[in-house]
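Comments concern the structure below.
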Amino acid sequence: MDNSNKIVPPHLNAEIYRTDTTGTNTISYLDYIAIHSDGSVLVGSSELTGRYWNGGVSVYKSIANAKCIQTEEKRSIPLSSGTADGCFIGTSTKVLTCEDSGAVTVWTNKNDAWNQWKEEISVAEHDNAALAVDCLEPERLYVTTGADGNAKVWDVTDMICIRNYSAAHSMSINALSVRPKSTTNFATGSMDQYVTLWDDNVDKPVLEVLKNDCCIRCLSWIDENRLVVGDEAGLLRLLDIRNLETEIKITEFPAPVHKLAVHPDGDKVAVCCDTKIVTVCQVEENSEPKVIYHDRHMHSNFVRGAAWDIEDKTTLHTVGWNGELKSHNVSFD
């Protein structure tokens, strides 16, 4: 075999790499789903390749339209970074996105002839990725948390941060949930192993709900007093802020618990972990928690987001890194 003695100058390699457009097809890793009361569907994705780490958000008129997701299609809202969470603001023509760049952005669609989404206002006050968002007061007050350990309350009418909990946690805040029937209370869970209750009227934490022995990955209120918490060890537990000495183990998974979706009736919670499995647990106040649904076949990659259907209360919709939206018929009998 003849050996090639040709030497390619490094600057020519750089030029070839700069102009090369092969192998840059974007793969959409679907990260979350939100469903508006009018049936519109919001799906956020991080679109990662070796050279580009972008993201995008797609808005569909219905679940039926969302099921026709094509991984290579153009997103309704293209982003220059990934997005970990987002939500509708009031109507289905206005959304808020949390971005890996630290930006929190409001987008609007005027439903004109062009039907294009436009950036209304954007601020980048998180010093690292913005990871979660929840609503305190519809169409006005929203709270976000980030990898910088900060929690911020926003007045989205002018996109002004009206309260900044600087160093709310010492590490990344993955989990956020506003307390039901409250416009001031919310709970956060962090990689620093703490679950903390906050009040928008108070500068400091109201209550240290839990000091765990590993990272908190997700949490969600079942009702005004009970909180479901999932951690890095795969443990899903139920806490009651009226009696913090007692906690109930719901179930345990073989992988970290990633995200929760509480049923509108409040007694069931859908769970997705760092696996392709979807689980639904029943958590009634006066009975032992139990698993009532378990699926490991619909998704071929990690499940990242879940939302209950608006009309059919027995249907759960999930999205994942296989780029597809799946619907699960959950029997409550």
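The values are calculated or read from the model by the stated rules, or taken from the named source; none is laboratory data. Small disclaimer: the values here were computed from a predicted structure and weren't measured. In this analysis, Cβ positions are derived from the backbone assuming ideal geometry, glycine residues included, and neighbour counts consider all displayed protein chains.
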### Message
Which condition from (1) touching a Phe, Trp or Tyr at 6+ places or on another chain (Cβ under 9 Å); (2) in contact (Cβ under 8 Å) with a residue 40 or more places away in the chain; (3) not in a loop (DSSP other than H, G, I, E, B) is the one that residue 323 breaks?
### Response
(3)
### Task
Inspect segment 157-169 for any residue being in a loop (DSSP other than H, G, I, E, B), within 28 Å of residue 271 (Cα to Cα) and either aliphatic (A, V, I, L, M) or at pLDDT 95 or above (or both) and give the result as yes or no.
yes
### Query
When only residues in segment 193-202 that are in contact with a strand residue (DSSP E or B) (Cβ under 8 Å, 6 or more places away or on another chain) and not in a strand (DSSP E or B) count, which is nearest to residue 135 (Cα to Cα)?
200
### Query
Of the residues 275, 314, which is more than 15 Å from the chain's Cα centre (by Cα), among the hydroxyl-bearing types (Ser, Thr, Tyr) and under 24 Å from residue 191 (Cβ atoms)?
275
### Qualifying residues in segment 273-298 (those that are among the acidic types (Asp, Glu) and surrounded by 12 or more Cβ atoms within 10 Å (Cβ to Cβ)) - the one nearest to residue 224 (Cα to Cα)
285
### Message
For the structure I just gave you, tell me whether residue 325 is closer than 24 Å to residue 196 by Cα and crowded, with 16+ Cβ neighbours inside 10 Å.
### Response
no
### Task
Please tell me if residue 128 is in contact with an Asp or Glu (Cβ under 9 Å, 6 or more places away or on another chain), modelled with pLDDT of 95 or more and part of a loop (DSSP other than H, G, I, E, B).
yes
### Summary
residue 223 vs (1) more than 19 Å from the chain's Cα centre (by Cα); (2) over 26 Å from residue 308 (Cα atoms); (3) touching a residue at least 24 places away in the same chain (Cβ under 8 Å): all pass except (2)
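Can you give me the number of residues within segment 158-174 that are of a type in the set (Val, Ile, Thr) and in contact with an Asp or Glu (Cβ under 8 Å, 6 or more places away or on another chain)?
Number satisfying all stated conditions: 1.
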### Query
Given the conditions (1) assigned to a strand (DSSP E or B); (2) surrounded by fewer than 17 Cβ atoms within 10 Å (Cβ to Cβ), and given that residue 70 satisfies all but one, which numbered condition is not satisfied?
(1)
### Query
Looking only at residues in segment 203-213 that are assigned to a strand (DSSP E or B) and of a type outside the set (D, E, K, R), which one is farthest from residue 180 (Cα to Cα)?
210
### Task
Check residue 293 against each of (1) assigned to a loop (DSSP other than H, G, I, E, B); (2) more than 21 Å from residue 177 (Cα to Cα) and name the one condition it does not meet.
(1)
### Task
Would you be able to say whether some residue in segment 159-180 is touching a residue at least 24 places away in the same chain (Cβ under 8 Å), out of contact with any strand residue (DSSP E or B) (no Cβ under 8 Å at 6 or more places or on another chain), among the basic types (Lys, Arg) and farther than 21 Å from residue 95 by Cα?
no
### Query
How many of the residues in segment 247-273 are within 20 Å of residue 179 (Cα to Cα) and in a loop (DSSP other than H, G, I, E, B)?
5
### Query
Out of (1) more than 15 Å from the chain's Cα centre (by Cα); (2) more than 21 Å from residue 37 (Cβ to Cβ), the odd one out for residue 145 is which?
(1)
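Could we say that residue 328 is more than 24 Å from residue 175 (Cα to Cα), without any contact (Cβ under 8 Å) to a residue 60 or more places away in the chain and in a loop (DSSP other than H, G, I, E, B) here?
no
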## Note on the structure
Among residues of segment 283-304 being in contact with a Lys or Arg (Cβ under 7 Å, 6 or more places away or on another chain) and not hydrophobic (A, V, I, L, M, F, W, C), the residue farthest from residue 321 (Cα to Cα) is 296
### Query
Here is a list of conditions, (1) touching a His at 6+ places or on another chain (Cβ under 6 Å); (2) not small (Gly, Ala, Ser); (3) not in a strand (DSSP E or B), and residue 279 meets all of them except one; can you say which number that is?
(3)
